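Single-structure report; data block below.
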Amino acid sequence: MSTLKNNFNIKYLNTTHQFHLVDPSPWPLMASLGGFFLTSGLVSYMHKFIGGWSLFLNGFLLVLYVMYVWWRDIVREATYEEHHTFVVQRGLRLGMILFIVSEIMFFFAFFWAFFHSSLAPVFNIGGVWPPKSITAMNTYTIPLTNTLILLSSGATVTWAHHAIILNAKRHTIIALTYTVALAALFTYFQGLEYVTAPFNISDGIYGSCFYMATGFHGFHVFAGTIALVVSFVRIVLNHSTNTQHFGFESAIWYWHFVDVVWLFLFINIYWWGNLEPYNLSTNVLM
């Protein structure tokens, strides 16, 4: 019996494929529970149920903990156990591409709502866009500044990518430092814009479209900044080489996606959407 068992183990371990069969892990189940507690707690808190805030906070902390331990395991598998072969990396690249496509669809919904309301403004908002009761933001102040900041961060993160391919660790670290600093500056100005905005999310369809689109973009900037910081730490610890750095590369892809979304936001919502109010039914300027 023991001989058969040993033979079975040998055949199981001596596989010829290059795929990575992950070990059993509790993190997917814990992540699901954390997400359930987080959303349920937030809804309960909004409806003023007792314990809603505590449930939300516990779910949020559980999600953060699972993020840390799950990614810790992935880093160990990739860096020290060398499970991320070429075939595995190809699968990871495809997964990241599909994730970014899903994010594009996510923002597509907000742009759809914006154009649906702005191209055919209803009489409830005065038949014009922006609505008569809304004082739109000045396009050429914080929005234009943030555009220049985010485009500059796209250039510096590209510099970091080329530097790591050329095995220039010092240039990679410098470029990533600039990128993270620009990302933090963008987030600061975005918060300043929200504080000084002459309208809020409850001000009709204009406020809803504006804050949902720019707010979720700001959240994506925050998530991308965390990914770049983690990549920075891993590069300092020599976890990445000029050929094995997909974690960093995926963060770069994500950051370029954030850049492109912001360009659409700036052109359509901040610039075109803030032009002189235009009555589409009579084709005259208001």
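The values are calculated or read from the model by the stated rules, or taken from the named source; none is laboratory data. Small disclaimer: the values here were computed from a predicted structure and weren't measured. Note that each Cβ is placed from the backbone with ideal geometry, even for glycine, and that neighbours are counted across all protein chains shown.
Within region 43-73, the set of residues being surrounded by 16 or more Cβ atoms within 10 Å (Cβ to Cβ) and aliphatic (A, V, I, L, M) comprises Leu55, Leu62, Val63, Val66. Can you say whether Leu92 is in contact with a helix residue (DSSP H, G or I) (Cβ under 9 Å, 6 or more places away or on another chain) and free of Cβ contacts under 8 Å to residues at least 60 places away in the same chain, as far as the supplied structure shows? Spelling it out, it is not the case that Leu92 is in contact with a helix residue (DSSP H, G or I) (Cβ under 9 Å, 6 or more places away or on another chain) and free of Cβ contacts under 8 Å to residues at least 60 places away in the same chain.
The set of residues in region 129-144 being surrounded by fewer than 21 Cβ atoms within 10 Å (Cβ to Cβ) and touching a Phe, Trp or Tyr at 6+ places or on another chain (Cβ under 6 Å) consists of Thr139, Ile142. Filtering region 239-258 down to residues that are hydroxyl-bearing (Ser, Thr, Tyr) and in contact with a Gly (Cβ under 8 Å, 6 or more places away or on another chain), which residue is surrounded by the fewest Cβ atoms within 10 Å (Cβ to Cβ)? So, considering only residues that are hydroxyl-bearing (Ser, Thr, Tyr) and in contact with a Gly (Cβ under 8 Å, 6 or more places away or on another chain), the one surrounded by the fewest Cβ atoms within 10 Å (Cβ to Cβ) is Tyr254.
Trp262 satisfies every condition listed in (1) more than 19 Å from Glu103 (Cα to Cα); (2) within 20 Å of the chain's Cα centre (by Cα); (3) buried (at least 17 other Cβ atoms within 10 Å of the Cβ) except (1). For region 118-128, indicate whether the set of residues that are modelled with pLDDT under 95, in a helix (DSSP H, G or I) and surrounded by 15 or more Cβ atoms within 10 Å (Cβ to Cβ) is non-empty. Yes, there is a match, as at least one residue in region 118-128 is modelled with pLDDT under 95, in a helix (DSSP H, G or I) and surrounded by 15 or more Cβ atoms within 10 Å (Cβ to Cβ).
Summed over region 226-280, the residues that are touching a strand residue (DSSP E or B) at 6+ places or on another chain (Cβ under 7 Å) and either touching a residue at least 60 places away in the same chain (Cβ under 8 Å) or on the phi > 0 side of the Ramachandran plot (or both) give a count of 1. Here region 197-225 is the region considered, the condition is being free of Cβ contacts under 8 Å to residues at least 24 places away in the same chain and within 20 Å of Thr145 (Cα to Cα), and the residue that is farthest from the chain's Cα centre (by Cα) is Tyr211. With respect to (1) in contact (Cβ under 8 Å) with a residue 24 or more places away in the chain; (2) over 30 Å from Val22 (Cα atoms), the lone exception for Leu148 is condition (1).
Condition check for Ile134 on (1) in a helix (DSSP H, G or I); (2) assigned by TED's automatic domain parsing to the domain that holds Ile267: one failure, at (1). Quick check on Val236: is it surrounded by 20 or more Cβ atoms within 10 Å (Cβ to Cβ) and β-branched (Val, Ile, Thr)? For Val236, the condition - surrounded by 20 or more Cβ atoms within 10 Å (Cβ to Cβ) and β-branched (Val, Ile, Thr) - is not met. Going through (1) at pLDDT below 95; (2) aliphatic (A, V, I, L, M); (3) more than 20 Å from Trp70 (Cα to Cα) one by one, Leu237 falls short only on (3).
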